[in-house]
1. What net charge is computed for the residues neighbouring Ala86, neighbours being all others with C-beta under 14 Å from the C-beta of Ala86, Lys and Arg scored +1, Asp and Glu -1?
2. Roughly speaking, what is the centre-to-centre gap between the range 325-371 and the range 72-116 when only Cα atoms are used, to the nearest Å?
3. Given an 8 Å cut-off on Cα distances and at least 6 residues of separation, report the relative contact order of the range 99-174 as a percent.
4. Distance in nm between label sites at Thr247 and Asp269, each 7 Å beyond Cα in the beta-carbon direction?
5. Can you give me the distance in nm between label points at Gln335 and Arg314, each placed 7 Å from the Cα along the Cα-to-Cβ direction?
6. Provide the net charge surrounding Ala67, with neighbours chosen by a C-beta distance below 13 Å and charges set as Lys +1, Arg +1, Asp -1, Glu -1.
7. So how much slack lies between Ala159 and Glu375, counting 0.36 nm per residue of separation and subtracting their Cα-Cα distance, in nm?
8. If r is the Cβ-Cβ distance from Glu143 to Lys103 and R0 is 35 Å, what FRET efficiency results, to the nearest 0.05?
Amino acid sequence: MSRSLKSLPRVLTLTLLAATLAACGQHGSQEGAGANGPVPVGVVNLKVQDVKIERELPGRTVAHRIAEIRPQVGGILLKRLFAEGAEVKAGQALYQIDDASFKASYDSASAALARAEATLVSTRLKAERYQELIAINGVSKQENDDAQAAYLQAKADVAAAKAAQQVAKINLNYSQITSPISGRIGKSAVTEGALLAVGQASALTTVQQLDPIYVDISQSSAELVRLKAEFADSAAKRAGLSVTLITEDGREYPQPGTLQFADTTVDPDTGGVTLRVLVPNPDKTLLPGMFVRAKLAQANVSNAVLIPQAALIRTPKGGAMVMAVDAKGQAQAIQVKASRAVGDQWLITEGLKGNEQIIVEGLQKVQPGVPVKAEVAKTATPSSAAARQ
């Protein structure tokens, strides 16, 4: 028993020593993995590519031409001569007003014209005879002057009668209301028996030309300057600036549109300018007043460099930088210039060549000069050749 007591201090000493060495070894291995070892980061391998930059803007469809149908003479409506919602042609009869009084006025004007023309013949013959007699003093000069004046008055009466007949004919024609344009007609605001008046405020119906159709979109004046610079290219002028539409259900409209013009006035409240796009609409899929989104191709950038937005670091002075992995496997800060956002990426115009490895994951753990262990990031790589803004 005494021998066991004597060996106890030695056993305790060895146990404590082993525990101390184990703790020191564990601490040392943790320091090597964290402070002295490479830091794992996620990277994206850049590459140059051609990028088509598009601007997506909201817009509303507007009929190409609109005709509000109103009466030009008053009277009782006898017939409606069209089907609501149908296609009508220019000159097609839409309404018939009671034309009995207009026919009577036309007949009266025609009779007055015939009477005036008969009087003209009589006065002309008399004026011609008096013109011959005055040469041989067969009539007095006053009688000849009266005959010539009566002839001229008869000619004026014929002209006035013709004008009155023309007015009566116009009013008679206006009793049948026709469409001034071809297009789709809307619902009728009146029925048979309604009393129509000249200059009434409400239209009887509306005809709208839907093929082609306009799309009005709004763009900032600053972007418009850039757009005009792109459109100034001769090839763009020849082909026209193409516009793609996205309908309310998220589908791409199959017919591309063409930019027609930009308004001449900037809205002082929004700083926007209205752009008008002409879009073919053969199937009448687009109706006036629909909400659409228009994609305008603003630029084609060759050999562009795109980086994920998560890779861009803003400096306190307002600049921009990225962290890249250099040839030594260390983090390196590179100053860059990001000109614009392209979708979920940045378009870099200065600072990168397009063959770098840039860090997108683990940026908070690295500093310039720190060794890193690069692995392909789980985030999407910038590979899209066309992007929306």
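1. So the environment of Ala86 carries a net charge of +3.
2. So the separation of the two Cα centres works out to 78 Å.
3. 53
4. Here the modelled spin labels are 3.2 nm apart.
5. Result: 1.9 nm between the two label points.
6. It works out to a net charge of +3.
7. Working it through step by step, the gained length comes to 68.0 nm.
8. It comes out at approximately 0.20.
Only the coordinates and a few stated rules stand behind these numbers; no lab work does. Since the structure is predicted, the reported quantities are computational estimates derived from the model, not experimental observations. Backbone-built Cβ (ideal geometry, glycine too); neighbour counts: all protein chains shown.
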